[in-house]
Each structure stands twice: as C-alpha cells, then as structure tokens.
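Below you'll find the structure, written out as structure tokens, and then a few comments.
The values are calculated or read from the model by the stated rules, or taken from the named source; none is laboratory data. What you are looking at is a predicted structure, and each value in this text was computed from that prediction instead of being measured. Glycine also receives a Cβ, built like all others from the backbone with ideal geometry; neighbour counts cover every protein chain displayed.
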Amino acid sequence: MQLATPALLNQGMNANCASYPKVSWGLGFKNPTREDSSLKSATPYFDMCSLQRPLDTKTQIRVAVEAEAILNVISLWEAGQFELVSSQALMFEAEQITPSPRKAYILEALSKADLFLQPNKQIEERAQVFVNSGIKPLDALHLAFSVEAEANYFCTCDDRFLRRAKEVDTLQTKVVSPLELITELSQ
C-alpha cells in the first residue's frame, strides 16, 4: 500500500512501543447505556502507541492503568457507543510491526474502524504546520488526520507529544492521554 506522504511517514517512525504479552485488570469503569448522548457524539482517534498500550508489560502502575483505560474505551466502541477513526498513517505504522500477535491485534482493530481517512492536500498542509511547531512528522500526520476527521479526541501515551500537541490549534479535537479520555467519556 503506497502513501501519498512517504516523506513525512519515513521521517517519523516511532519505535517506542515494544512487544509484550497482554495482561489486564479491572478499573471498574461504569458502562453507560447506548442512549448516553455524550458518548454518541464522541469520536476518538488513537495514535499507534495508545492502540498498542494494552499489549505493553504492566510492571509500572501508569502503564497498567492506561492499558485498562484503552481497553475500556475499545469495549465501549465495540458496544456501538461511538465511532472509531483510522487512517493511512496508522495502517503504515501497523505494517512496520514485525509479524506477531501484536501486529494481528492492531490490524484487526484498524480493519474494524468506522471511518478510514486517506491522505490529502489539506491533511499534508496541516501536518506540516504541526511539524513546524516542533511535532515529529508522523505524530503531526496522526494529529492532522484526527483534525480532518473532526474527531472529538486525539489520544496518545507519549508525554512529549501530548504536551506539544496541546499547544497547537487542533480546532474541535481535544488532545488527551488515555486517562483523560476515559475521564471525559465517563462524565
């Protein structure tokens, strides 16, 4: 699959997400009903590290709690509570993962997304603005895809990216950590 923005993608490959077995434990997140209007309008976009967080080793409390938060959000999506956004940038990153259960999990999740975006001139231009603001190219591309999709939330586990992304204009898209996302969705 060829991308229209190979330069941005090739500049920004992030290898911070290591492959580990899946372990889960409960947070006790309330399970809202399908009629909950605050969730019907929620549309999250996850970057690759946040999608992979449930597969990371949970020896640190933060990683374990973020993994559980992501799993709860995915459960809400699977229950039809909101739409999930995917993009060509996510598929590009997924294809870079060595064949493994991790790669199979990610590809399956992305194949079930409700909305899939291809690169276009507007996304490329917005990504370049984000790059000019100090955001890494692939991260900038993910953020641009989320804004173009009019996602309500852009979720990342990357603290540096999170800080920088909160400083740029993302229009209606709120940049959040997994814990912030679960808090937003549970209100």
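Assigned to a loop (DSSP other than H, G, I, E, B), touching a helix residue (DSSP H, G or I) at 6+ places or on another chain (Cβ under 9 Å) and not aromatic (Phe, Trp, Tyr), is that true of residue 179?
no
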Hits in the stretch 114-130 - residues which are part of a helix (DSSP H, G or I) and surrounded by fewer than 20 Cβ atoms within 10 Å (Cβ to Cβ): 121, 122, 124, 125, 128, 129
Long-range neighbours under 9 Å by Cβ, at least six apart or interchain, first residue over 16 Å from residue 78 (Cα atoms) and of a type in the set (S, T, N, Q) within the stretch 108-124, second at pLDDT 90 or above and surrounded by 18 or more Cβ atoms within 10 Å (Cβ to Cβ): 118/87; 118/88; 120/148; 122/144; 122/148
Check on residue 174, of a type in the set (Lys, Arg) and over 17 Å from residue 84 (Cβ atoms): no
Of the criteria (1) at pLDDT below 95; (2) in contact with a helix residue (DSSP H, G or I) (Cβ under 6 Å, 6 or more places away or on another chain); (3) among the acidic types (Asp, Glu), which one residue 139 fails: (1)
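Could you please find all residues in the stretch 150-174 being of a type in the set (A, V, I, L, M) and surrounded by fewer than 21 Cβ atoms within 10 Å (Cβ to Cβ)? Reasoning before the result, please.
Applying the first criterion (of a type in the set (A, V, I, L, M)) to the stretch 150-174 yields 151, 162, 165, 168, 171.
Once the filter is applied, which keeps residues that are of a type in the set (A, V, I, L, M) and surrounded by fewer than 21 Cβ atoms within 10 Å (Cβ to Cβ), the stretch 150-174 yields 162, 168, 171.
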Check on residue 181, over 22 Å from residue 124 (Cα atoms) and either surrounded by fewer than 22 Cβ atoms within 10 Å (Cβ to Cβ) or touching a residue at least 40 places away in the same chain (Cβ under 8 Å) (or both): yes
Some residue of the stretch 29-42 being at pLDDT below 85 and acidic (Asp, Glu): yes
Residue check for residue 134: assigned to a loop (DSSP other than H, G, I, E, B) and under 26 Å from residue 169 (Cβ atoms): yes
